[in-house]
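Structure first, then comments.
The values are calculated or read from the model by the stated rules, or taken from the named source; none is laboratory data. From a predicted model like this one, the values you see are computed outputs, not experimental measurements. We place every Cβ from the backbone using ideal geometry, glycine too, and count neighbours over all the protein chains shown. Just the protein is used for accessible areas: all its heavy atoms, side chains included, with ligands, DNA and RNA removed. Shrake-Rupley method; radii C 1.70, N 1.55, O 1.52, S 1.80 Å.
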There are 2 protein chains.
Amino acid sequence: MPDMSRQNRTSELKSRVLSAALARFTESGIARTNVGDILKDADCSVGSLYHHFGNKEGIAEALFIGGLQQFNQNLLDALLSHRKAEPGVKAIVTWLCQWVTEQPQLAAYMLSREIKLSEEAKQEMREIDQSFRESLTAWFAPRIESGELKNLHFNVYVPLISGATLEYSRMWLSGRYSRSPATVSDVMAEAAWQSVRES
Amino acid sequence: MPDMSRQNRTSELKSRVLSAALARFTESGIARTNVGDILKDADCSVGSLYHHFGNKEGIAEALFIGGLQQFNQNLLDALLSHRKAEPGVKAIVTWLCQWVTEQPQLAAYMLSREIKLSEEAKQEMREIDQSFRESLTAWFAPRIESGELKNLHFNVYVPLISGATLEYSRMWLSGRYSRSPATVSDVMAEAAWQSVRES
DNA sequence: ACTTTTCTAGAACTTTATTCTAGTTTTGAT
DNA sequence: ATCAAAACTAGAATAAAGTTCTAGAAAAGT
């Protein structure tokens with residue numbers, strides 16, 4: 001691509017690297033993909049790759065942080081439009097099922113837990129997580145107050161609502177279950193609701 | 001240890017390697033631990049290690065398969081003594097919480113999903129899994145029949161019952177939650193039950 | 001215009017995993 | 001008891017992969 005501003009060529013290159021890496025990482029895991037393959041797939045030189053990402057872990061981290069931001073944002077978008085607890089909780093689960101089913105590669109990567117973040121990346125993640133938690137708290141607190149939801153230790157809501165779906169998704173993504181999360185979305189949503197509703 | 005049969009010395013060596021590897025793997029991940037460190041920790045030679053385990057992945061697989069067998073066995077032990085659905089389901093969750101809390105290293109390793117199994121190991125896992133599923137089915141089917149449990153697609157029961165606890169455990173193991181799974185065991189058990197009971 | 005920064009390139013280097021050769025101990029067969 | 005085969009140990013040698021380095025081109029800033 002000689003007919004492009006450098007800015008564009010550079011960001012093109014970076015995203016080629018990222019998508020090549022995602023494909024390889026989900027196919028064979030981070031450990032088993034070697035940077036040579038990514039380089040070849042993305043048509044990128046050693047120098048450029050190390051200039052932009054530092055090292056192999058850097059690529060993995062960039063993918064993870066990017067995915068996390070997208071994940072949190074979309075989940076909140078799905079949740080925040082609802083006012084009542086039941087549809088809100090169910091919307092989270094439904095969106096999750098859809099996200100996993102529609103972007104299996106990214107989901108497999110995000111759910112794989114293969115990535116060991118560096119200290120800086122951990123810090124960045126904590127910040128992202130912090131603001132995500134605050135948004136969640138703002139939505140949940142009033143519904144707990146109002147008695148729509150059981151009053152539990154805050155940390156358990158996320159696992160209770162998403163845990164089953166994520167676990168099911170991991171199984172589907174690894175090929176051990178054949179029906180996609182989207183096909184069991186209703187069951188998961190109902191179960192999630194039953195596990196947190198005040199009864 | 002010169003005063004031992006070779007059989008004993010060998011199995012001693014192998015378990016030294018396995019526990020050194022587990023410690024390193026949970027501390028830094030598989031990718032970041034190098035076999036040199038394991039060798040040093042376990043006081044083992046290069047030749048011996050590769051003779052017994054083939055390669056680094058081989059160590060990881062041995063740990064995983066061993067852990068899986070122990071996991072399945074103990075979970076079934078906790079479950080099968082119960083006849084009614086509610087205490088059975090709750091026993092699974094309670095046992096899970098206890099297992100994670102008492103063996104955090106092994107649990108962290110098993111839940112990390114960092115391990116990419118070789119084809120042979122995958123095959124072995126499928127067999128273990130197969131017999132595990134059969135035992136589970138034998139326990140669940142009559143409780144579904146009898147109407148104690150909702151009638152759902154079989155694959156969803158495991159995620160529904162264990163998903164939230166596993167997700168919570170991952171957070172605790174990674175240091176992001178401070179209360180151990182054992183301390184939220186009752187909440188998780190109740191929620192799991194609510195999510196699968198016929199209502 | 002020229003200085004600085006960003007970016008690209010690939011050869012050189014380093015690190016780490018794995019193989020190989022050689023020798024020792026044990027087991028099993030005759 | 002003797003021999004042959006198999007299991008095991010050891011560490012040097014090798015291969016494979018990740019990363020650094022040097023050099024130079026392109027763009028941005030002054």
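For the stretch B:143-159, a residue qualifies if it is within 9 Å of chain A (Cβ to nearest Cβ), open to solvent by less than 30 Å² (accessible area, probe 1.4 Å) and out of contact with any Asp or Glu (no Cβ under 8 Å at 6 or more places or on another chain), and the qualifying residues are B:ASN155, B:VAL156.
Condition check ((1) in contact with a helix residue (DSSP H, G or I) (Cβ under 6 Å, 6 or more places away or on another chain); (2) within 16 Å of DNA strand D (Cβ to nearest atom)) across all residues:
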| site | (1), (2) |
| --- | --- |
| A:HIS52 | yes, yes |
| A:GLU57 | no, yes |
| A:GLN73 | no, no |
| A:GLN103 | no, no |
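For A:PHE140, the conditions (1) within 13 Å of chain B (Cβ to nearest Cβ); (2) over 24 Å from A:ILE59 (Cα atoms) are fulfilled apart from (1). Looking at A:ALA21, A:ALA42, A:ALA60, A:ALA85, can you tell me which residue is open to solvent by less than 20 Å² (accessible area, probe 1.4 Å), more than 14 Å from chain B (Cβ to nearest Cβ) and under 22 Å from B:ARG32 (Cα atoms)? Every option except A:ALA21 fails the conditions.
Can you pull out the residues in the stretch A:128-164 that are more than 22 Å from B:VAL196 (Cβ to Cβ) and among the aromatic types (Phe, Trp, Tyr)? Once the filter is applied, which keeps residues that are more than 22 Å from B:VAL196 (Cβ to Cβ) and among the aromatic types (Phe, Trp, Tyr), the stretch A:128-164 yields A:PHE132, A:TRP139, A:PHE140, A:PHE154.
Here is the figure for the stretch B:88-115: residues that are within 24 Å of A:TYR177 (Cβ to Cβ) and open to solvent by 80 Å² or more (accessible area, probe 1.4 Å) total 1.
Please work out if A:VAL35 is under 26 Å from B:ASN34 (Cβ atoms), open to solvent by less than 60 Å² (accessible area, probe 1.4 Å) and touching a Leu at 6+ places or on another chain (Cβ under 8 Å). Yes: the conditions hold for A:VAL35. For the structure I just gave you, tell me whether A:GLY47 is more than 14 Å from chain B (Cβ to nearest Cβ), within 15 Å of DNA strand D (Cβ to nearest atom), more than 23 Å from A:GLU119 (Cα to Cα) and surrounded by fewer than 14 Cβ atoms within 10 Å (Cβ to Cβ). Yes, satisfied.
So, B:MET125, is that one among the aliphatic types (A, V, I, L, M), within 11 Å of another protein chain (Cβ to nearest Cβ) and closer than 29 Å to A:MET125 by Cα or not? Judged against the criteria, B:MET125 is not a match. Evaluation of B:SER162 against the conditions (1) open to solvent by 20 Å² or more (accessible area, probe 1.4 Å); (2) part of a helix (DSSP H, G or I) shows that the sole unmet condition is (1).
Scanning the stretch B:165-199 for residues that are farther than 15 Å from B:ALA91 by Cβ, in contact with a Ser or Thr (Cβ under 7 Å, 6 or more places away or on another chain) and facing chain A (nearest Cβ under 8 Å) gives B:GLU167, B:GLN194, B:SER195.
Figure legend. Inter-residue proximity from the stretch B:60-80: first residues assigned to a helix (DSSP H, G or I), second residues of a type in the set (Asp, Glu), beta-carbon distance below 9 Å, spacing 6+ or different chains. Indicated pairs: B:ALA60/B:GLU114; B:GLU61/B:GLU120; B:GLU61/B:GLU124; B:ILE65/B:GLU124; B:LEU68/B:ASP129; B:ASN72/B:ASP129. Whether a residue is more than 14 Å from chain B (Cβ to nearest Cβ), of a type in the set (D, E, K, R) and loosely packed, with under 13 Cβ neighbours inside 10 Å was assessed, and A:LYS14 does not pass this test. Residues in the stretch B:63-82 that are within 14 Å of chain A (Cβ to nearest Cβ) and buried (at least 19 other Cβ atoms within 10 Å of the Cβ): B:PHE64 only.
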